[in-house]
Amino acid sequence: MAYRLIDLFSGAGGMSLGFRQEGIEPVMALDNDAAAVKTHELNFDGVAYCVNIESWLKNGTVPEADVVIGGPPCQGFSLLNKKRSGDSRRALWEPFLEIAHRSTARVFVMENVAELFRSPELTAIRAKAAEYGFATKADVINAADYGAPQTRKRTIVVGWRHVGEPDFPPRPSHADPNKNLNLPPWRTVRQAIGDLPEPVGTEIGVGAPINLHFGRSPTALSIARYKAVPKGGNRFDLQRNAPELTPDCWIRKTSGGTDLFGRLWWDRPSVTIRTEFFKPEKGRYLHPEQHRPITHREAARLMGFPDDFDFYGSKTDVARQIGNAVPPPLSAALARMVTRMLTPLKLSA
C-alpha cells in the first residue's frame, strides 16, 4: 500500500507530483486558488478542496496521512511581512502544523522563500512543531542541485516523529559545473527547451490538454526592443544599442536589475521562474535566441513539469500556477528522503 500524502497550499501540485513519483500518493489537497485546485484534480487522485485553510479546519475532518507537505504563502509569515505587525491572525504555518499533527503524520515537509531561514519566524515554527512532538531540521537548498533546470533557492523545513532522523538536506544529484564535485553538471535551458519548435498561435485554448506553447502579440516597439538585446544580454544592452527605445525609468536607474529584459542562456539553468515570466520587463525571461518571451510550455519545462501534466485555467491562471510551484525534481528528491525514513516502519509492520 502506498504511503498517504496531504498537500496543503497545494497549488497545481508540483510538490505532489514529486512525491507521487516516489510512491507517496495524495489523499487530500487544499488550496484557495480555484484554477489550481482544478489542475490538481486533473492530475491526481484523492479529494481536492478549494477553501481557506482556517475555514476548512473548522468544519473538515482531517484524514490520516503518513506525510504532510506544502508551502504556506510568504504573505502568511507575519515577521516577513511588516504590514502584518500587530495582526492577531494566525500565521498560515500554524494550521499547516495543526493538520500535520491531527493527521497522525510522521513527517512533514514545508517549503518557503529563502529569506525564511534567517527569520525569527523559523524559530517559532520549530517551537510549535516541537509542541506537537516533531523534531525539525531546516536549510536553504537550490532546485538546480536536484535536477531542475532552474536556480531556485528555497527554505525547506523537515519535521519528523516516531521515525529516524532524515539525511537532510538530500544528497544533490547535480552540481554547479564551476565546482569540482564529481557530479553531473546542472541541467541547462537547452536541455529543457532546446527541442521545442517556435510557438504557434496566441491562445491557450480550453479543456485538457490546453496549448501551453503559444506565442503572444507584441507591439512593433516590443519586437524592436527584443531585437536590441543580444545573447545573454539585458536592459543595459538595450540602453546601449537602442537608447531611443529604452524606458526613461531604466535610463535613470543606472545600477541593479541586471536580469530585467534579459535573455536566458542556453548553457546555464534558468533563473527563478516567477508568476509573470511572460513579461520580460520583470526578469530574465527572453528566449535565448528568438525575439520573444518564453512560453508557458517553456516555463513549465524549466520548472520540471513533464509535458503530459495537464493545467487548467486562463493564461494568467496557468502562469501563476507554474511560477508558484515547487519544481517536481526537487520535491522528488525530498520524497526519496522521506521514503527512506518511512520504509523501516513499513517493513516492521
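Would you mention how many residues in segment 190-217 are under 30 Å from Thr339 (Cα atoms) and among the hydrophobic types (A, V, I, L, M, F, W, C)?
Within segment 190-217, residues that are under 30 Å from Thr339 (Cα atoms) and among the hydrophobic types (A, V, I, L, M, F, W, C) number 1.
Do the conditions hold for Ala208, that is, is it over 26 Å from Thr316 (Cα atoms) and surrounded by fewer than 17 Cβ atoms within 10 Å (Cβ to Cβ)? Please lay out each step first, then the result.
Numbers: over 26 Å from Thr316 (Cα atoms): no; surrounded by fewer than 17 Cβ atoms within 10 Å (Cβ to Cβ): yes.
Against the criterion (over 26 Å from Thr316 (Cα atoms) and surrounded by fewer than 17 Cβ atoms within 10 Å (Cβ to Cβ)), Ala208 does not qualify.
Got a sec? Which of Ala91, Ala130, Ala148, Ala138 is touching a strand residue (DSSP E or B) at 6+ places or on another chain (Cβ under 7 Å) and assigned by TED's automatic domain parsing to the domain that holds Val68? Show your work before the answer.
Working: Ala91 fails: touching a strand residue (DSSP E or B) at 6+ places or on another chain (Cβ under 7 Å); Ala130 fails: touching a strand residue (DSSP E or B) at 6+ places or on another chain (Cβ under 7 Å); Ala148 fails: touching a strand residue (DSSP E or B) at 6+ places or on another chain (Cβ under 7 Å).
Step by step, each of Ala91, Ala130, Ala148, Ala138 is checked, and only Ala138 is touching a strand residue (DSSP E or B) at 6+ places or on another chain (Cβ under 7 Å) and assigned by TED's automatic domain parsing to the domain that holds Val68.
Which residue pairs have Cβ atoms closer than 9 Å, lie 6 or more positions apart in sequence or on different chains, and pair a first residue in segment 160-171 that is of a type in the set (Gly, Ala, Ser) with a second residue that is crowded, with 17+ Cβ neighbours inside 10 Å?
Gly164/Met341
If you go through segment 246-261 one residue at a time, how many are surrounded by 14 or more Cβ atoms within 10 Å (Cβ to Cβ) and part of a loop (DSSP other than H, G, I, E, B)?
Residues meeting the conditions: 6.
Which of the strands (runs of 3 or more DSSP E) found entirely inside segment 101-174 contain at least 3 residues meeting this: at pLDDT 95 or above and surrounded by 22 or more Cβ atoms within 10 Å (Cβ to Cβ)?
Counting at least 3 such residues, we get 107-113, 153-160.
Here are the criteria: (1) farther than 22 Å from Asp195 by Cα; (2) of a type in the set (Asp, Glu); (3) without any contact (Cβ under 8 Å) to a residue 40 or more places away in the chain. Tell me which single one Asp307 does not satisfy.
(1)
Name the residue that is surrounded by the fewest Cβ atoms within 10 Å (Cβ to Cβ), counting only residues in segment 175-193 that are in contact with a Phe, Trp or Tyr (Cβ under 7 Å, 6 or more places away or on another chain) and in contact (Cβ under 8 Å) with a residue 40 or more places away in the chain.
Arg190
Can you pull out the residues in segment 44-64 that are surrounded by 20 or more Cβ atoms within 10 Å (Cβ to Cβ) and outside any loop (DSSP other than H, G, I, E, B)?
Ala48, Ile53
What single numbered condition from (1) free of Cβ contacts under 8 Å to residues at least 40 places away in the same chain; (2) more than 30 Å from His101 (Cα to Cα) fails to hold for Thr151?
All conditions are met except number (1).
Checking Thr339 against (1) surrounded by 19 or more Cβ atoms within 10 Å (Cβ to Cβ); (2) not assigned by TED's automatic domain parsing to the domain that holds Ser217, which single condition isn't satisfied?
Condition not satisfied by Thr339: (1).
So for segment 282-289 (the condition being among the small types (Gly, Ala, Ser) and over 15 Å from the mean Cα position of the chain (by Cα)), does at least one residue qualify? Step through it out loud before you land on a result.
Going residue by residue through segment 282-289, those that are among the small types (Gly, Ala, Ser) are 283.
Keeping just the survivors that are over 15 Å from the mean Cα position of the chain (by Cα) gives 283.
Yes: segment 282-289 contains one or more residues that are among the small types (Gly, Ala, Ser) and over 15 Å from the mean Cα position of the chain (by Cα).
Just name the residue that is surrounded by the fewest Cβ atoms within 10 Å (Cβ to Cβ) out of those in segment 212-245 that are polar (S, T, N, Q) and part of a loop (DSSP other than H, G, I, E, B).
Step one: of segment 212-245, the residues polar (S, T, N, Q) are 217, 219, 222, 234, 239, 241.
Next, from what is left, pick out any that are part of a loop (DSSP other than H, G, I, E, B): 217, 219, 234.
Details: Ser217: 6, Thr219: 8, Asn234: 20.
Among residues in segment 212-245 that are polar (S, T, N, Q) and part of a loop (DSSP other than H, G, I, E, B), the one surrounded by the fewest Cβ atoms within 10 Å (Cβ to Cβ) is Ser217.
The values are calculated or read from the model by the stated rules, or taken from the named source; none is laboratory data. Computed from a prediction, not measured in an experiment: that's the story for all the values here. Every residue, glycine among them, receives a Cβ derived from its backbone with ideal geometry; neighbour counts consider all protein chains shown.
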